[in-house]
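Working notes, beginning with the structure itself.
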């Protein structure tokens, strides 16, 4: 599998960390940087309207669906300006890491606990989605953003993108998305909110 290179090129050199720390300094810098994660409604997850059954083949998962970790969501998917199709996402695990896992982030990771969102992505529609990647976000126990935005890889969680063969129905790859919470808090769910249908009503997996 090919590592994601299009989301944050800085991650190839050093992890990039954005965390809610109360700082007003948002200027770009070559080293890992911090900014304040908004606490407004735009940074909060919409609450799922009701639990839903995993989508069967040929069906798409309704916006606002609440699934269990291990269940499959089938969603329309767009990547860039030229690639679109239908994929299935299965969040297979939400794992707690240790602060020591974030050593490469330096002092900016103090007081943070990493969590790893592991997922399998499948090409359902059979269209050319080569080199695409999927974004997931971790949610706290209250169903809202943890207030921490972190991007990059660790030795225990490496993000992957589809390879050149992700062009046929049934093609799959596995990936891991790094997320984090402040010390004492947890990530208990993952959400997919890409596309017009899911932006305001994400699909949510709960552990």
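Structural remarks
- Stretch gain in nm, segment residue 93-residue 163, where the contour uses 0.36 nm per residue and the Cα spacing is subtracted: 23.0 nm
- Simple label model, 7 Å out from Cα along Cβ direction - residue 68 to residue 183, nm: 3.5 nm
- Segment residue 120-residue 59, length gained on full extension (0.36 nm per residue, minus Cα span): 20.2 nm
- Relative contact order (%) - the stretch 136-180, alpha-carbon pairs under 8 angstrom, separation at least six: 45 percent
Quick note: the coordinates plus some simple rules give every number you see, no bench work behind them. In this text the structure is predicted, and so the values were computed from the model without any measurement. Ideal geometry is used to build each Cβ from the backbone, glycine not excepted, and the neighbour counts take in all protein chains shown.
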